[in-house]
Amino acid sequence: MKPLTKPEPLQHISFQFKTLQLLGLWFYIPHDFNCLKFWLHIMCRVITGIFVFIIPPLGQSICVIKLILSRDAEIQEIAGIINLVLTEMLTSLKLLDLRCRRSLLTELKEQMEGSEFLHFHRPQIDFIEKSVKVSEQLFVWLTIGVVIDITVHIIIVPAVHRFQFLPVKMDFIFFDVYKYPYFDIIFIYQILYKPTLLLTFVAIQTLRWGFLLCTISQLDVLIYNLKGMKKLDEGENFLDHESFDGVFKRNVIHHCAIIKFIKTFEAAFGGQFLLFFIFNSFIIGTTAIEFFSIQNPLNHVVDIFWIFGFLFMMIIILFIDCYFGSIITEKNSYISMVVYCHPWINLPKNTKKNLIIFISRNQRTLTINAAKLVPVSLTTFTKVMNWTYKCFALLNQMKD
């Protein structure tokens, strides 16, 4: 098989970059300031921002306010609109946050292309390829979930009800959305804007996973290389017969590059993690209220299918974020154990000292923190689900 080429680590995030470029939401405009194409790109982005990220949540918010003021709406109807508004607002805020931190995104990309992250030997290359495959699969699976969500929510559910209501409930002050021709126009508008919004959500969400999987694969490579240092003492051929100190130094440099990458990632995505934890609690809570408030379930099989699928997808996304964070912490902690288990008794005194310094330095727990406040871990997952249950209990009490 051919060796790994230099751009290969970027395959963790290649699908996400291409999706944002396809949607015209890429963070960089490849044209000069004085070029006409530059201003056309600006105009397209402004139009996309207004029609995809501003008008929909605004129209839904007006609808919620009118329902609350009317005092005739049921809690599940209000909850259903609120969870969609929160999902759209979350996507918009994450995109805006990443746009403001695009310099950190560029820095992450450059670090992935650095020599420390490139490997040209087996089985190190296998760790990278496996990680890239998982990243691509997660992108595909989430995209399939979004396609199913769009199909059911935008087409099937309205078709079951004979297209008598809009897929996404909206209201505007200046006209009645259920009168002709406004109903038809808004219906077509929702069919067009919803895929763009949800594909943006997929790209931004899986972009985080791509960086996390890249970190995990590099930790796997580092652990393998540290374990392989035992072969140097046994006189076996390993890494072109380099000396123990040379190999260990290279591994230390690799470890420092991984830590730097994680810190840059935390600076770029820490705010998004915190936003997601907060918004996701309310989204799951309001979706659960909508699910358990359905009367006559046999008459609303399609609605139940869509709501349950949406609820399941939001919980799984939260779990994957926290699971990857825990894996990074555990693998980094395991590095000290690997070095300690090396037969270092017979090594020179200076080499022993370097090993002890490395082990001591690595005693600090390496965690990814959301806005430097909350660790991204499975423990946080249980806490967020606890917050979600409290939100659900509060809304359920309001329903009663």
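The values are calculated or read from the model by the stated rules, or taken from the named source; none is laboratory data. The model shown is predicted, which means the values in this text are computed figures rather than measured ones. Note that we place each Cβ from the backbone using ideal geometry, even for glycine, and neighbour counts take in every protein chain shown.
Restricting the stretch 380-400 to residues that are closer than 26 Å to residue 98 by Cβ and of a type in the set (Ser, Thr, Tyr), the residue that is modelled with the lowest pLDDT is 388. Being modelled with pLDDT of 90 or more, closer than 18 Å to residue 10 by Cβ and part of a helix (DSSP H, G or I) is true for just one of 136, 110. Which residue is that? Answer to the check: 136.
So in the stretch 361-390, with the set limited to residues that are more than 25 Å from residue 340 (Cα to Cα) and of a type in the set (Val, Ile, Thr), which one is surrounded by the fewest Cβ atoms within 10 Å (Cβ to Cβ)? Outline the logic, then answer.
If we filter the stretch 361-390 for residues that are more than 25 Å from residue 340 (Cα to Cα), which is where we start, we get 369-390.
Retained after the next criterion (residues that are of a type in the set (Val, Ile, Thr)): 374, 376, 379-380, 382, 384, 388.
Working: 374: 19, 376: 28, 379: 13, 380: 21, 382: 10, 384: 22, 388: 22.
Looking at the filtered set, the residue picked out is 382.
Of the residues that sit in the stretch 300-322 and are within 21 Å of residue 207 (Cα to Cα), more than 12 Å from the chain's Cα centre (by Cα) and aromatic (Phe, Trp, Tyr), which one is surrounded by the most Cβ atoms within 10 Å (Cβ to Cβ)? Residue satisfying both the conditions and the ranking: 310.
Taking the listed residues 120, 165, 201, 172, the one that is free of Cβ contacts under 8 Å to residues at least 24 places away in the same chain and either surrounded by 19 or more Cβ atoms within 10 Å (Cβ to Cβ) or not acidic (Asp, Glu) (or both) is 165, with no other qualifying. In the stretch 21-45, the residues that are under 23 Å from residue 109 (Cβ atoms) reach residues that are basic (Lys, Arg) with C-beta atoms within less than 8 angstrom, at least six apart or across chains, in these pairs: 24/45; 25/45; 27/99; 27/102; 28/102; 31/37.
Scanning the stretch 317-368 for residues that are outside any helix (DSSP H, G or I), more than 14 Å from residue 215 (Cβ to Cβ) and not hydroxyl-bearing (Ser, Thr, Tyr) turns up 341, 342, 343, 347, 348, 362, 363, 364.
Scanning the stretch 108-137 for residues that are of a type outside the set (Ser, Thr, Tyr) and under 21 Å from residue 266 (Cα atoms) yields a total of 10.
Entry remark, the stretch 342-374: residues being closer than 28 Å to residue 216 by Cα, touching a residue at least 12 places away in the same chain (Cβ under 8 Å) and not aliphatic (A, V, I, L, M) number 11 in total.
With the condition kept exactly as written, say whether any residue in the stretch 218-228 is among the hydrophobic types (A, V, I, L, M, F, W, C), under 16 Å from the mean Cα position of the chain (by Cα) and at negative phi. No - not one qualifying residue is present in the stretch 218-228.
State yes or no: is residue 264 out of contact with any Cys (no Cβ under 9 Å at 6 or more places or on another chain), polar (S, T, N, Q) and at pLDDT 90 or above? Reasoning before the result, please.
On the way: out of contact with any Cys (no Cβ under 9 Å at 6 or more places or on another chain): yes; polar (S, T, N, Q): yes; at pLDDT 90 or above: yes.
Criteria met by residue 264.
Before we move on, is residue 129 surrounded by fewer than 20 Cβ atoms within 10 Å (Cβ to Cβ) and under 24 Å from residue 312 (Cβ atoms)? Spelling it out, it is not the case that residue 129 is surrounded by fewer than 20 Cβ atoms within 10 Å (Cβ to Cβ) and under 24 Å from residue 312 (Cβ atoms). Is the stretch 182-193 home to any residue that is under 16 Å from residue 10 (Cα atoms) and either in a helix (DSSP H, G or I) or at pLDDT 85 or above (or both)? No, that holds for no residue.
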